[in-house]
Amino acid sequence: MSTADGLRVVTLAAQAEMALVRRDQVAGPLLAQAARAADGTPAGRLLREASAMVRGAPEREAVRQAALSLCRMALQDAHAQVLGAAS
Amino acid sequence: MSGRLLGQDAAVLGAAGVEVGTLRDIEQWAFRSVSRPAGARVVDAHCHLGVDRDGHALSADDLVADLDAAGIAAAVAFPADEPGPGGDFSQANQRVLDAAAAHADRIIPFCRVDPAVGAERAMDRAHAGGARGLKLHPVAQRFAPESDACVHAVRHAADLGWPVLFHAGFGARPLGPAFAALLEQVPTARVILAHGGRGDHRSLAAVAARYPHVVFDTSIAALPDLATIPPERVVFGSDRPYGDHAQALHLVGAAARVAGWDEVALRGVLGGNLMRLLGDGGAA
């Protein structure tokens, strides 16, 4: 993954994280975009799962919090990728 | 198999249509993502118990179940933002002390105060009940870290031999000058800046470099911030129930790889640094 690709995932995952924290409905589209941007990486798997969860039950608090966990792990992986130490 | 998953009730997630098996695989992968040194005792520096006024909640039994699932020995816990009438945290503090008594060796109780509301008396009462430290939240309780009331509370905590954990995450105010002013007045204070000091990390890191007893916790921290802090200044934390142990451990694993922490450094981050701060001599 190039630095530009990594930064794209960082940007989208960070936006999705904040949307989930704020219970903003834009979290779903942002997670889907982030998952596509990270396709083929560990972060992509995490974001794909989070996106599916939020799409399936967007109003459930436990789902929001679990999706937030996956999103944060994806952001951590993307940061590590950009900083040069992919997991 | 634990009924908990990413800090949630697995049955609730399953009923919502979540693929629980897939999520459990991810959780186990996250737990394994940090290479734990042999015999390392992992201790979480940052958990809230009770029901916060924003709706987040965690019971002592659920916290211990989460610790068990993640292989974490113990956790520092303090009240959620649930003050009583007038802003007094006495009842919430007593509930945390009761939880620690019910879960000996698993919950390390800190008390929480509003520095402007009978703080010294509340701290003395908590100290007599077995509290080991103080949690302060400048945003929730609306005070400045450098205010006279806060300086007084931190000085009293130092007199009691307590570390003080400060919220240092989301908030609009610049934090570096505020903590510089506080630490200038109480230079021996043992301070834990939560969330990697993400609210003003660059400024806080410069201030912390001048005070050897100031550390950062990893709860909901940003990886680029953690990777630039000396590992002896980092303590593991989760921010339960706002964070969970899977992503908290995953963050430490990623930071260790990026920053090149060796086994000694990782042992300290996962628990040893915190236990030293608590005066337990690095027992982890």
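The values are calculated or read from the model by the stated rules, or taken from the named source; none is laboratory data. None of these values were measured; they are calculated from a predicted model. Here the Cβ is made from the backbone with ideal geometry for all residues, glycine too, and neighbour counts use every protein chain on show. Accessible surface areas use protein heavy atoms only, side chains included; no ligands, DNA or RNA. Shrake-Rupley method; radii C 1.70, N 1.55, O 1.52, S 1.80 Å.
By the equivalent-ellipsoid construction on the alpha carbon gyration tensor, the range B:156-199 comes out with semi-axes of 20, 12, 7 Å, ordered largest to smallest. A viscosity of 1.306 mPa s and a temperature of 10 °C, combined with the Kirkwood radius over C-alpha pairs in the Stokes-Einstein formula, give the range B:37-188 a diffusion coefficient of 100 µm²/s.
Please state the relative contact order of the range B:1-150 as a whole percent: Cα pairs under 8 Å, 6+ residues apart?
Values: 191 pairs, mean separation 24.6, N = 150.
Once divided by the residue count of the range B:1-150, the mean separation gives 16 percent.
Give me the percent of Cα-Cα pairs in chain B that sit more than 35 Å apart, rounded to a whole number. Walk me through the intermediate numbers first.
Values: 4839 of 40186 pairs.
Tail of P(r) above 35 Å: 12 percent of Cα pairs.
Please give the average number of partner chain Cβ atoms lying within 10 Å of the Cβ of each residue in B:216-229, rounded to a whole number.
Across B:216-229, the average partner-chain Cβ count within 10 Å equals 2.
Kirkwood radius for the range B:77-148, taken over all pairs of different Cα atoms as the inverse mean of 1/r, rounds to 12.2 Å.
Summarise the accessible area of chain A (1.4 Å probe, protein heavy atoms) by the percent that is carbon and sulfur. Looking at chain A in its full context, I get 51 percent from C and S. Using R0 = 30 Å, the C-beta based FRET efficiency linking A:L7 and B:R202 works out to 0.95.
Entry note, chain B: relative contact order of 20 percent, from Cα contacts under 8 Å with a spacing of 6+ residues.
Quick one: plug the Kirkwood hydrodynamic radius of the range B:162-284 (C-alpha pairs) into Stokes-Einstein at 20 °C, 1.002 mPa s, and report D in µm²/s. Calculated translational D: 150 µm²/s. Taking amide H as placed 1.01 Å from N in the peptide plane, the amide H of B:Q8 sits under 5 Å from none that are at least 5 places away or on another chain. Under 5 Å between amide hydrogens, built in the peptide plane, is the criterion, and for B:D217 it picks out B:L193, B:A194, B:H195, B:G196, B:G197, B:V235 among residues at least 5 positions away or on other chains. Rounded, prolate or oblate: which fits the range B:16-107, taking a ≥ b ≥ c as square roots of the Cα gyration tensor eigenvalues, rounded meaning a/c under 1.5, else prolate when a/b beats b/c? Because a/c hits 1.5 or more and a/b fails to exceed b/c, the range B:16-107 counts as oblate.
Amide H contacts of B:R240: B:H48, each under 5 Å away and 5 or more positions distant or on a separate chain (H built 1.01 Å from N in the peptide plane; Pro and chain starts excluded). Karplus-based coupling profile of the range A:27-43, in residue order and whole Hz: 4, x, x, 5, 5, 5, 5, 5, 4, 5, 5, 9, 3, x, 10, x, 4, with θ = phi - 60° in 6.51 cos²θ - 1.76 cosθ + 1.60 and x standing for Gly or Pro.
In the range B:101-203, the convex hull through the Cα atoms has an average projected area of 6.6 nm², a quarter of its surface area.
Whole number please: convex hull volume per residue of the Cα set in the protein assembly as shown, in Å³?
On the way: hull volume 46.3 nm³, N = 371.
Spelled out: Cα convex hull of the protein assembly as shown, divided by residues, is 125 Å³.
Measuring nothing but how far apart in sequence close Cα pairs (under 8 Å, 6+ apart) lie, relative to its length, the range B:159-244 scores a relative contact order of 27 percent. The spread of Cα positions in the range B:1-41, taken along each principal axis and listed from longest to shortest, comes to 38, 16, 14 Å. The Cα atoms of the range B:221-279 cover 28, 27, 17 Å along the three principal axes, with the biggest extent listed first. Mean silhouette area of the range A:1-63, derived from the convex hull of its C-alpha atoms and averaged over all directions, reads 3.8 nm². Only Cα sites of the range A:39-87 enter the Debye sum here, all with the same form factor; the resulting log10 I(q)/I(0) across q = 0.16, 0.29 1/Å is -0.44, -0.98, listed in q order.
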